[in-house]
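The values are calculated or read from the model by the stated rules, or taken from the named source; none is laboratory data. All values derive from a computational prediction rather than experimental measurement. No Cβ is skipped: glycine too gets one built from the backbone with ideal geometry, and neighbour counts run over all protein chains shown.
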Ligand code: CP3
């Protein structure tokens, strides 16, 4: 029998002397081969909905760095796009959607049409057949708070003020939006699994802006409901929850969300995270994306310190947030060699 993929074994709580390694946003603009393929399609979402191209860029970082996992190339904002809130990306300034400013506008949002995302499932099919046998395949979605904050603001903001104001002013309408994204996300992740991904990750990139007593309501509980919904349909598929800015909530999250592993962001001290959570809970993270830009001895030192902090623990080596565009390729090579030094 073939040996179990390293990532999957850690998600089953095994400790490995060399942790499996992948990087959030590993397919992207820091790769010249990504920029070449990307240049062939004007609109970013059309690019995401082009199965051949999306499958190709999903595999690019695997070919170059032999990471232990491929992550589906898509975007978290395909979910509002499939609800009829059309999304566009303007180069250099990020996503743009028609903002939702009132409960009446929220009411007008369409049904979630999963057929709109059939190119994503086709991408998954293509990647599945081309993936090396020791590489795991990760699907993903955005967490409801993060997705809804783009839906309300209509763009990225530093503090998600429009969404937080909407939640204080119109808590019922806000809860309904969250519920709709919860339901759509369960369906979307289940379909990704049926098409061939082996693990799913939920990205709550903006949970950290919430005050403590809003955090559970708008971040942790909706994520828990997605985990429950996905597990009800696919009990064997591991789920990774990446709640950026979880901070002091981390121990409670690992008790309440029911995920198989938790992503740790750059700001958290790994030794604290290890000490504050049960010893068999797999943790993923948390190299500073900026030290990967800097490279050199600073990079070696930080990699070693993360490896040491998670030693003896089920650990997935990753960044604490997405890789930055200005990251030199040779630094990624250096990182891979350093993490796998003892292999
Ligand atoms: O990780 C991967 O390699 C898979 C692909 C992936 C993308 N976006 C591709 C992408 C994943 C997992 C995401 C998740 C995502 N998208 C998140 C959560 C993770 C995080 O980084 O916090 C968020 C908040 C988004 C929304 C989004 N998409 C923004 C804010 C932007 C613009 C910022 C930017 O980097 O330009 C995007 C665009 C985007 N998504 C790009 C890529 C490669 C860049 C667009 C391009 O190449 O033209």
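Whether any residue in the range 121-139 is outside any strand (DSSP E or B), without any contact (Cβ under 8 Å) to a residue 60 or more places away in the chain and closer than 30 Å to residue 2 by Cα is what I want to check.
Yes - at least one qualifying residue is present in the range 121-139.
Quick check on residue 58: is it in contact (Cβ under 8 Å) with a residue 40 or more places away in the chain and within 13 Å of the ligand (Cβ to nearest atom)?
Spelling it out, residue 58 is indeed in contact (Cβ under 8 Å) with a residue 40 or more places away in the chain and within 13 Å of the ligand (Cβ to nearest atom).
What are the residues in the range 3-50 that are under 20 Å from the mean Cα position of the chain (by Cα) and in a helix (DSSP H, G or I), if any?
6, 7, 8, 9, 10, 11, 34, 44, 45, 47, 48
Based on this model, can you work out whether residue 70 counts as within 13 Å of the ligand (Cβ to nearest atom), modelled with pLDDT of 95 or more and part of a helix (DSSP H, G or I)?
Taking the combined requirement at face value, the residue does not satisfy it.
Name every residue in the range 87-101 that is assigned to a strand (DSSP E or B) and without any contact (Cβ under 8 Å) to a residue 12 or more places away in the chain, in order of residue number.
Matches in the range 87-101: 90 only.
When the residues of the range 140-174 are filtered to those that are part of a helix (DSSP H, G or I), closer than 19 Å to residue 205 by Cα and without any contact (Cβ under 8 Å) to a residue 12 or more places away in the chain, which remaining residue is farthest from the chain's Cα centre (by Cα)?
165
Would you mind stating whether residue 25 is within 13 Å of the ligand (Cβ to nearest atom), under 30 Å from residue 279 (Cβ atoms) and touching a residue at least 60 places away in the same chain (Cβ under 8 Å)? Even if it seems obvious, please write down each step before you answer.
Values: within 13 Å of the ligand (Cβ to nearest atom): yes; under 30 Å from residue 279 (Cβ atoms): yes; touching a residue at least 60 places away in the same chain (Cβ under 8 Å): yes.
In short, yes.
One line per residue, one yes/no per condition, for (1) at pLDDT 95 or above; (2) surrounded by fewer than 16 Cβ atoms within 10 Å (Cβ to Cβ); (3) more than 25 Å from residue 4 (Cα to Cα):
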| residue | (1), (2), (3) |
| --- | --- |
| 237 | yes, no, no |
| 240 | yes, no, no |
| 244 | yes, no, yes |
| 260 | yes, no, no |
| 265 | yes, no, yes |
| 270 | yes, no, yes |
| 278 | yes, yes, no |
| 283 | yes, no, no |
